[in-house]
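Okay, so here's the structure we're looking at.
The values are calculated or read from the model by the stated rules, or taken from the named source; none is laboratory data. Source: prediction; values computed, not measured. Methodologically, a virtual Cβ is constructed for each residue, glycine included, from the backbone with ideal geometry; neighbour enumeration extends over all protein chains shown.
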Amino acid sequence: MTALAGGVGAARMLRGIAAVTGQEQITAVVNTGDDTVLHGLYVSPDLDTVTYTLGGVDNPETGWGIAGETWAVMAALRAFEGPSFTGSTLEPSRRAERLGLTWFNLGDVDLATHLFRTGQLAAGATLSQVTAAIAQRFGVRARVIPMTDSRVETRVTVELGPEHAALGGPGAVELGFQEYFVGLRHGVEVKAVRFEGVAQAAPAPGALEAIKEAEMLVICPSNPVVSIGPVLAVREIAGAVAVRRESTVAVSPIIAGKALKGPADRMLAELGMEASAVGVAKIWAPYAATLVVDTADADLAGDIEDSGMRCVVAPSVMSGPAEAANLARTVLAAAGAQI
């Protein structure tokens, strides 16, 4: 089976599927719109979250990073933005990121991943080649593929107040996704989202084949706008998924009108969409024939089916490995898989 994936919800879904089918049966086509460059290092948050989770080294408390991580480098770096450094002759824009030097935490072990990725990319390797090498290093047996080897950047226009003058406020300002999501803790209103570079982006090697040849497709319970949206913004991927609509099952990331983690519910509302399982159904109807929703949204089943999707109601909160595996069984059964 092949999954379209992005972020923590997708990683947990994939771990649940792996518990049922084994990792060897899984290909994950992962969002790279969240990728960013920090301190000269190329960072791929969603690729790393999926890899660390399937590799069994993820931090279950944060949902990102590596369990048992240490932070010596961040602590040392913080000294460069403290009072002892205020007399530097460097211009502020050259001394630090716009939000400071340590607004995006990179753990000591995690840094090794980014150092390896950056060095390999500089030497001429593609992102998909480097991703495969990183997955192998962490013992991942699933196939992890970036949506594209090209640079695609999710850009978010937000409404800032005067307290965000360093970022260009007050007013509407376009930021990189991580500045919004991590730097501002997704606490400001989103006015628009775009995917810079996606018009020229081709699917990474193997991505289209994985979609076309899979027994079934899964759209993981990830933010529809900024986690799965960039994947489907790659034109050839969107076309390939639409062709496979009848064998595609999506899982709603919205439960009782709320996102379990992250800003998906607020983002949908701020962009003029319905922040509910019905709203998710309207987004995924062109790509998936079936939507799995939580029991809390059982009363919405009729409205979801009116949108053109079959509705499957089941517990969908992945509070632990057992719950994730049970949800995986529901998703696989909904696609007619033999389990």
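Beta carbons closer than 8 Å, at least 6 apart along the sequence or on distinct chains, pair a first residue in the stretch 154-165 that is farther than 14 Å from Glu189 by Cα and surrounded by 15 or more Cβ atoms within 10 Å (Cβ to Cβ) with a second that is among the acidic types (Asp, Glu) and at pLDDT 95 or above for Thr154/Asp34; Thr154/Glu196.
Can you name every one of the helices (runs of 4 or more DSSP H) wholly within the stretch 155-258 that holds 1 or more residues which are modelled with pLDDT of 95 or more and of a type in the set (Phe, Trp, Tyr)?
Because the criterion is at least 1 residues that are modelled with pLDDT of 95 or more and of a type in the set (Phe, Trp, Tyr), no helices (runs of 4 or more DSSP H) in the stretch 155-258 meet it.
When restricted to residues that are small (Gly, Ala, Ser), in contact (Cβ under 8 Å) with a residue 24 or more places away in the chain and either touching a Pro at 6+ places or on another chain (Cβ under 6 Å) or loosely packed, with under 14 Cβ neighbours inside 10 Å (or both), the stretch 169-196 contains 1. The residue that is surrounded by the most Cβ atoms within 10 Å (Cβ to Cβ), among those in the stretch 266-281 that are within 20 Å of the chain's Cα centre (by Cα) and charged (D, E, K, R), is Glu270. Taken over the stretch 100-126, the criterion of being more than 21 Å from Tyr180 (Cα to Cα), of a type in the set (Val, Ile, Thr) and in contact with a Lys or Arg (Cβ under 9 Å, 6 or more places away or on another chain) is satisfied by Thr113 alone. Candidates are the residues of the stretch 206-217 that are surrounded by 14 or more Cβ atoms within 10 Å (Cβ to Cβ) and touching a residue at least 40 places away in the same chain (Cβ under 8 Å); the one that is farthest from Thr148 (Cα to Cα) is Met216.
Can you find a residue in the stretch 38-47 that is under 21 Å from Ala201 (Cα atoms), part of a helix (DSSP H, G or I) and touching a strand residue (DSSP E or B) at 6+ places or on another chain (Cβ under 6 Å)? Yes, the conditions are met somewhere in the stretch 38-47. Val234 meets all of the listed conditions (1) surrounded by 24 or more Cβ atoms within 10 Å (Cβ to Cβ); (2) free of Cβ contacts under 8 Å to residues at least 24 places away in the same chain but one, namely (2).
Restricting Pro286, Pro263 to residues that are within 19 Å of the chain's Cα centre (by Cα) and not assigned by TED's automatic domain parsing to the domain that holds Gly183 narrows the list to Pro263.
Here's the yes/no breakdown for (1) under 29 Å from Arg329 (Cβ atoms); (2) among the aliphatic types (A, V, I, L, M); (3) modelled with pLDDT under 95:
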{"residue": "Val30", "(1), (2), (3)": "yes, yes, no"}
{"residue": "Asp35", "(1), (2), (3)": "no, no, no"}
{"residue": "Thr53", "(1), (2), (3)": "yes, no, no"}
{"residue": "Gly56", "(1), (2), (3)": "yes, no, no"}
{"residue": "Glu61", "(1), (2), (3)": "yes, no, yes"}
{"residue": "Gly65", "(1), (2), (3)": "yes, no, yes"}
{"residue": "Pro92", "(1), (2), (3)": "no, no, yes"}
